[in-house]
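Novice: Structure in structure tokens, see below.
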Amino acid sequence: MRTQLRSAAVLLAASLALTGCSSAIPAPASSDKPSASASESSGSGASELSATPSTGPVITGSAYTFNAPEGWSVPTQEIPNFTPDSIVADVADADGFADNMNVVKSPAGVVTADQVESAGVAELKAAGASNVTVNPRQTIAGSEAAHLSAEMSGGGVTAAMEQYYLSNDEATFVVTFSFNSTVAQADRVALAESVLASWKWS
């Protein structure tokens, strides 16, 4: 699963390129060194989202639609060697980091939550992510989704990430929300869940 899930680490690193003032930061090199296992959530089953759906601009991806947060838009800045399925950002963010959401289709097809919580965690750690945490699974758009949290630093910026793995019958889409690390996790999750509550398969 190392090659198949590597997009998760690349996605996190690419999010650092959407800072207000800095130039793009290349994705870190992968590593084959073993990494310690992350703390896993207790219990079993996935909880339903209870957030009120976002009402921002409608974004259409290759197999889905969602409503971006109010005030967010598709950025004009290109990230070298990174072509997400969709991307939106708070381009007016004035804290030095443009909070953003991007979606990448997994080349592995459908990836299970169990695979994400093992191989995906190892990939993020190998790429230099810290504080990698496995959160309770949630039911999003009718399917069980894994949820990872992590932080990554580069170019003097530390980004905090909430990453969800959404699947239909044919593929898994890695949905990553990245924020300045000063944003509290409760606020990060609240925004992410409002967007995910608007997610629809097409």
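Novice: Any idea how many residues of segment 42-61 are in a loop (DSSP other than H, G, I, E, B) and open to solvent by 80 Å² or more (accessible area, probe 1.4 Å)? Write out each step before concluding.
Specialist: Applying the first criterion (in a loop (DSSP other than H, G, I, E, B)) to segment 42-61 yields 42-46, 49-57, 61.
In the following step, the residues that additionally are open to solvent by 80 Å² or more (accessible area, probe 1.4 Å) were identified as 42, 44, 50, 52, 55.
Qualifying residue count for the region: 5.
Novice: Answer yes if at least one residue in segment 109-116 is out of contact with any helix residue (DSSP H, G or I) (no Cβ under 8 Å at 6 or more places or on another chain), of a type in the set (Ser, Thr, Tyr), under 21 Å from Ile59 (Cα atoms) and free of Cβ contacts under 8 Å to residues at least 60 places away in the same chain, and no otherwise. First the steps, then the outcome.
Specialist: Narrowing segment 109-116 to residues out of contact with any helix residue (DSSP H, G or I) (no Cβ under 8 Å at 6 or more places or on another chain): 109-110, 112-114.
When the remaining residues are screened for being of a type in the set (Ser, Thr, Tyr), the result is 112.
Then keep just the ones that are under 21 Å from Ile59 (Cα atoms); that gives none.
Checked against the condition, which is being out of contact with any helix residue (DSSP H, G or I) (no Cβ under 8 Å at 6 or more places or on another chain), of a type in the set (Ser, Thr, Tyr), under 21 Å from Ile59 (Cα atoms) and free of Cβ contacts under 8 Å to residues at least 60 places away in the same chain, segment 109-116 yields no hits at all.
Novice: Yes or no: Ala92 touching a residue at least 60 places away in the same chain (Cβ under 8 Å) and among the aliphatic types (A, V, I, L, M)?
Specialist: Working: touching a residue at least 60 places away in the same chain (Cβ under 8 Å): no; among the aliphatic types (A, V, I, L, M): yes.
Considered against the rule, which asks whether it is touching a residue at least 60 places away in the same chain (Cβ under 8 Å) and among the aliphatic types (A, V, I, L, M), Ala92 comes out as no.
Novice: State all residues of segment 74-105 that are farther than 16 Å from Ser178 by Cβ and of a type in the set (S, T, N, Q); if no residue qualifies, say none.
Specialist: Thr76, Asn81, Thr83, listed by residue number.
The values are calculated or read from the model by the stated rules, or taken from the named source; none is laboratory data. Just so it is clear, the model here is predicted, and its values are computed rather than measured. All Cβ positions, even for glycine, are placed from backbone atoms using ideal geometry, and neighbour counts span all protein chains on display. Accessible surface areas use protein heavy atoms only, side chains included; no ligands, DNA or RNA. Shrake-Rupley method; radii C 1.70, N 1.55, O 1.52, S 1.80 Å.
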